Amino acid sequence: MEDNQVREWHPFIGPFDPCPPVRVKTYVVPPNQFITFQPMNLPQFSPAEALRLGTLWPSLYSNYTSKRRGEVVTDE
Amino acid sequence: MSEVLTEDYYRKLEELQQLDFVLVELTLYLDTHPNDMQALQQFNKTAQQRQQAAYNFEMEYGPLLQYGHSYSRYPWQWSQTPWPWQV
């Protein structure tokens, strides 16, 4: 599920780990990390979309899909 | 209050929610951009739309707010069903 906002890293897995290893862990870097000060007159969503997606500005949208539906990347 | 909530009820309610969300976003935006003229005009336009939408909703389905922020018909509508969590 390649997405420009989702980054992943590979934790160290030792031979004596008590639990089954999670080989790949992902985290989200939303666009507001890269915008220090929001510029004026950015393009906007329609009110219906804005309510649905959670923000008024497409450039600030971060989908942050849930991981519960088995989307966690476990294999190496 | 009709027991069965019509499709129109939910559509108007969602439209109100959409306008409210846009107003929340614009308010937060204008807090940090006080001299953004275009956003301010959009805010005032949306606020007017929201008042109109709320007025239409209340005329048809009863008060949205309490303690004098909404009118009520006879008999007193506030305590009748459906309550917000039942909608």
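Would you say B:Asp31 is closer than 26 Å to A:Met40 by Cβ and acidic (Asp, Glu)? Reasoning before the result, please.
On the way: closer than 26 Å to A:Met40 by Cβ: yes; acidic (Asp, Glu): yes.
Judged against the criteria, B:Asp31 is a match.
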Margin query: Condition first: of a type in the set (Phe, Trp, Tyr) and exposed (fewer than 10 other Cβ atoms within 10 Å of the Cβ). Now tell me which residues in the range B:59-75 satisfy that.
Written below: B:Tyr67, B:Tyr74
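Out of all the residues in the range A:21-31, is one or more assigned to a strand (DSSP E or B), in contact with an Asp or Glu (Cβ under 7 Å, 6 or more places away or on another chain) and not acidic (Asp, Glu)? Reasoning before the result, please.
Going residue by residue through the range A:21-31, those that are assigned to a strand (DSSP E or B) are A:25-28.
Within this subset, residues satisfying the condition of being in contact with an Asp or Glu (Cβ under 7 Å, 6 or more places away or on another chain) are A:25-26.
From what is left, the residues that are not acidic (Asp, Glu) are A:25-26.
Scanning the range A:21-31 turns up at least one residue that is assigned to a strand (DSSP E or B), in contact with an Asp or Glu (Cβ under 7 Å, 6 or more places away or on another chain) and not acidic (Asp, Glu).
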Check: Within the range B:12-24, restricting attention to residues that are among the hydrophobic types (A, V, I, L, M, F, W, C) and free of Cβ contacts under 8 Å to residues at least 24 places away in the same chain, which residue is nearest to the other protein chains (Cβ to nearest Cβ)?
Finding: B:Phe21
Item checked: Complete set of residues in the range B:25-48 that are surrounded by 12 or more Cβ atoms within 10 Å (Cβ to Cβ), at the interface with another protein chain (Cβ under 9 Å from one of its Cβ atoms) and in a helix (DSSP H, G or I) -> B:Glu25, B:Leu26, B:Tyr29, B:Ala39, B:Gln42, B:Thr46
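We did not get these values from a lab; they are worked out from the coordinates using the rules stated. Owing to the predicted nature of the structure, the values given are computational and were not obtained by experimental measurement. We place every Cβ from the backbone using ideal geometry, glycine too, and count neighbours over all the protein chains shown.
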